[in-house]
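Everything on this sheet refers to the single structure shown next.
Please treat every number below as a calculation from the coordinates, not as lab data. Please read all numbers here as calculations on a predicted model, not as lab measurements. In this analysis, Cβ positions are derived from the backbone assuming ideal geometry, glycine residues included, and neighbour counts consider all displayed protein chains.
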Amino acid sequence: MALLHLVWLACQSALPLLLLAVVMLGLAMYFDPAVRRARRIAKGYPQYSSSVPIIGHLLHIVKSREELFHLLREWPKMFGSPSVLMLFGRVLFNLSDPVSIEAVLSSSKHITKGRAYDFLRPWLGEGLLTSGGEKWHYRRKLLTPAFHFKILDQFSSHLEEQAAQLVDDLAELAAAGQGAAVDVVPAVSRITLRSICVTAMGKVDFGTDSSAAVSEKSYFEAIHRVGEATALRIVRPWLWPPPLFWLTPMYQKFRKNLNTLHGFTSKVIADRKMTLSGDADDTAVAAGEAGAENSSRFKRKARLRPFLDVLLNAQRRGEDISDQDIREEVDTFMFEGHDTTSMAISWSLELLGRHPEVQERVVEELRGAGGEDWESISRLPYLDRVFKECLRLRPSVPFISRLLETDAVLPDGRILPATSMGNIHIFDLHRHPDHFPDPDRFDPDRFLPQVEQARHPFAYLPFSAGPRNCIGKRFATMEVKLFLAAVVRRFHIRSAMPEHLDVTADLVLRPRDGVRLRLFAR
Ligand code: HEM
């Protein structure tokens, strides 16, 4: 604490120098020849006519997070896609059409994440989501087998247990609410966090005392606060330079919440290290001892190597992975692996609550499925279409971004020039009227095989596409479908949300006041 205070004082006294450094850096970037070329090319694209010298279109986007979310939805209607936003001499392309998005995402040249991800680094470090270059290539190759479908098959029984637990928790919540609307997000988040822990992190023991519940609760609250601060910082340029951010009262809270997040993940890693070090086969294999691979116990375990064990074993084999590296991956997967699925499940329940006829058809299909396990559920075609349509209308990740390090060339010859940002608005892509007629209508039959095949392959991207697509896509699909199936089998669901949603610009698609539902036992 004292150290933090000293840093804060030092920053304050060095403020004029820091500001000067920021201005000098800004000017160097502004007059960089490649950036000037990008500005010249960007003039050919639609954009706001009023641009202020240096700050560009900044005044248009300084809004509350709710207002900003709605403003972003206006851009495709006003300008089409691609359109341009200028900020401090930098060109940002807003992309919400499949053709220009394909030009960016399908190329292995455009794998560097946009500047917005820099603000995630205090939390997620250089994990798989934020890293680039060699580091990303190595980690992606190392971690891909941890999400192979054979490993996911081993996870299905854990997820089935968690689905049953979710149903019990929701029953308790509904009983406490006595027929009133309840916000299901906290209950769903708790179970999706447990799900990623018991599968990818190999954590089996949550303890029976209340301390586990307390640490889970503080973890969610900290995620929300850090997410809010990060999303706000992205659209408040005066908070971009770290030294300026450090001087704000917001930073003190941000730091405290980061400590909670890192404390939680460090404990998960320490617990798993302890379990593995007590396992003679595992230690021998990790150290590369002769004969270990031939042990029959190892052969059984090798098929079951979950995400965290892959990292810990790579470290024990002497590969270049520090404790810090492991923690940033665990932070990344813990966040990506539970917040995205938690919102996908909550939003899907809400959409089913608005469309009782679809809900009943899902229940009917489930009754004929033959079982409640993943084997039976994975084959259901109508549930699959509902799942896809829910992620179309409510994509958990509504926005992603790339820094274009080389030109991206569109099929009509136009260029998205190097140094600019390709901001991909998945939320608007999924509402493109040419690809999804009457886009706000909920209609699972948009995903009938013949309809899907006729559509542009980059018109529907809830999990992104190309080399940096979602590594957890199969895991997420299994979890969301299993949980939806378990909940609708047990409850009639009715949405208690207003017709027009109040959504905020956040890291995941989150409503301002939770997802409120009425649940009635079937
Ligand atoms: C419904 C649930 C999910 C959705 C909608 C979703 C969506 C996405 C999207 C759109 C991206 C691309 C991000 C970007 O380009 O910046 C992504 C990347 C990623 N996702 Fe997911 N995700 C989901 C669940 C999961 C789960 C369950 C995990 C982990 C178990 C996961 C781990 C990751 C990671 C690590 C990346 C970065 C991959 C890379 O850059 O190589 N996601 N996800």
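Express the relative contact order of the chain as a whole percentage, based on alpha carbon pairs under 8 Å and six or more residues apart in sequence.
Relative CO of the chain lands at 25 percent.
Summing -39500 (n - 2.57) over the DSSP H runs of n ≥ 4 in the chain and dividing by its residue number, what mean residue ellipticity at 222 nm do you reach, to the nearest 500 deg cm²/dmol?
About -18000 deg cm²/dmol.
Averaging over all projection directions, find the projected area of the Cα convex hull of the chain and quote it in nm² with one decimal place.
26.7
Separation between the ARG379 and VAL451 pseudo-spin-labels, each 7 Å from Cα along Cα→Cβ, expressed in nm?
2.5
Over the range 394-517, one equal point on each Cα, no solvent: what is log10 I(q)/I(0) by the Debye formula at q = 0.22 Å⁻¹?
Relative scattering, expressed as log10 I(q)/I(0), comes to -1.62.
List the pair-distance distribution P(r) of the range 451-492, using every Cα-Cα distance, as the percent of pairs falling in each 5 Å bin from 0 up to the bin containing the longest distance, rounded to whole percents.
5, 18, 17, 17, 18, 14, 8, 3, 0
Is there a pair in LYS135/LYS267; LYS217/LYS481; LYS43/LYS63; LYS77/LYS141; LYS113/LYS388; LYS273/LYS473 whose C-alpha atoms are over 30 Å apart, and which pairs would that be?
Those over the limit are LYS77/LYS141.
How about LYS109: which aspartates and glutamates have a C-alpha closer than 15 Å to its C-alpha, ignoring those fewer than 8 places off in the same chain?
Partners found: GLU134, GLU405, ASP407.
Could you pull out every residue, at least 5 positions away or on a different chain, whose amide H is within less than 5 Å of the one on SER420? Hs are placed 1.01 Å off N in the peptide plane, and Pro or chain starts have none.
HN-HN under 5 Å from SER420: LEU404.
Taking only complete DSSP H runs, can you tell me which helices of the chain stretch 30 Å or more along their own long axis by Cα positions and average at least -1.0 on the Kyte-Doolittle scale?
Span-like helices, by this rule, are 149-177, 210-234, 249-277, 323-354.
Going by amide H atoms built from the backbone, whose H comes under 5 Å of the H on PHE399, apart from near neighbours?
ILE426
Could I get the Rg over Rh figure for the range 92-179? Both from C-alpha atoms, Rh via Kirkwood, rounded to two places.
1.16
From Cα coordinates alone, what are the radius of gyration and Dmax values for the range 85-233 in angstrom?
20.1, 56
Under a point-charge model restricted to the Cβ atoms of Lys and Arg (+1) and Asp and Glu (-1), what is the dipole moment magnitude of the range 49-190 relative to its Cα centre, in debye to the nearest 20?
Its charge dipole is roughly 920 debye.
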